[in-house]
1. For a quick check: with amide H placed at 1.01 Å from N, whose amide H comes under 5 Å from residue 44's, ignoring anything fewer than 5 positions away on the same chain?
2. When the helices in the chain are scored as -39500 (n - 2.57) per DSSP H run of 4 or longer and the sum is shared across all residues, what 222 nm value do you end up with, to the nearest 500 deg cm²/dmol?
3. Can you list residues whose amide H is under 5 Å from residue 4's amide H, if they're 5+ apart or on another chain and H is modeled 1.01 Å from N?
4. Consider all pairwise Cα distances in the stretch 2-94 and report the whole-number % of them above 17 Å.
5. Would you mind checking the pairs 25/72; 40/118; 15/40 and listing those with alpha carbons more than 26 angstrom apart?
6. By how many degrees, 0 to 90 and rounded to 10, does the Cα axis of helix 6-20 deviate from the longest principal axis of the chain?
7. Once you've got the Cα coordinates, tell me which of 78/115; 18/100; 41/115 are over 26 Å apart.
Amino acid sequence: MKVLSEDRTRILFEKLSKYIGVNVKLLIDRPDGTYCFREKKDRVYYISERLLQLAQTVNPDHLVSAGTCFGKFTKTNKFRLHITALTYIAPYASYKIWVKPSAEQQFLYGHHVLKSGKYL
């Protein structure tokens, strides 16, 4: 796993700041340790530094992933968040909505959340 370049780090933090604002630094400096972002095959992983040190002892050819996949970079160098990042981003989100179970299923299939699917 390699360190993100300056360009890709900037793109990642810009995307995260759209959703969680200035709370991006809270993702890195957590009370339970320091976390970082690492890249492998255009995918960005969120991993604790302690686990990263253990992962570096494994041969890179044998390591599939370590940590939580936050998203991936496209061929045009845009960053796409994955749903696996939701559990880490949700506590710091600026805007939240609660959806009904039927709307939640539709959202998971890739459709938009309609007004009738929200709790008001």
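Throughout, read-outs are computed from the coordinates displayed, never taken from laboratory work. Everything numeric in this text was worked out from a predicted model, so none of it was measured.
1. 70, 71, 72, 73
2. Numbers: 5 runs with 39 residues, N = 120.
Taken over the chain, the calculation gives -8500 deg cm²/dmol.
3. Excluding prolines and chain starts, which carry no amide H, the hits are 39.
4. Working: 2083 of 4278 pairs.
The share of Cα pairs beyond 17 Å in the stretch 2-94 comes to 49 percent.
5. Details: 25/72 20 Å; 40/118 37 Å; 15/40 19 Å.
Where the Cα-Cα span goes over 26 Å, the pairs concerned are 40/118.
6. The answer is roughly 30 degrees.
7. Numbers: 78/115 29 Å; 18/100 24 Å; 41/115 38 Å.
With Cα atoms farther than 26 Å apart: 78/115; 41/115.
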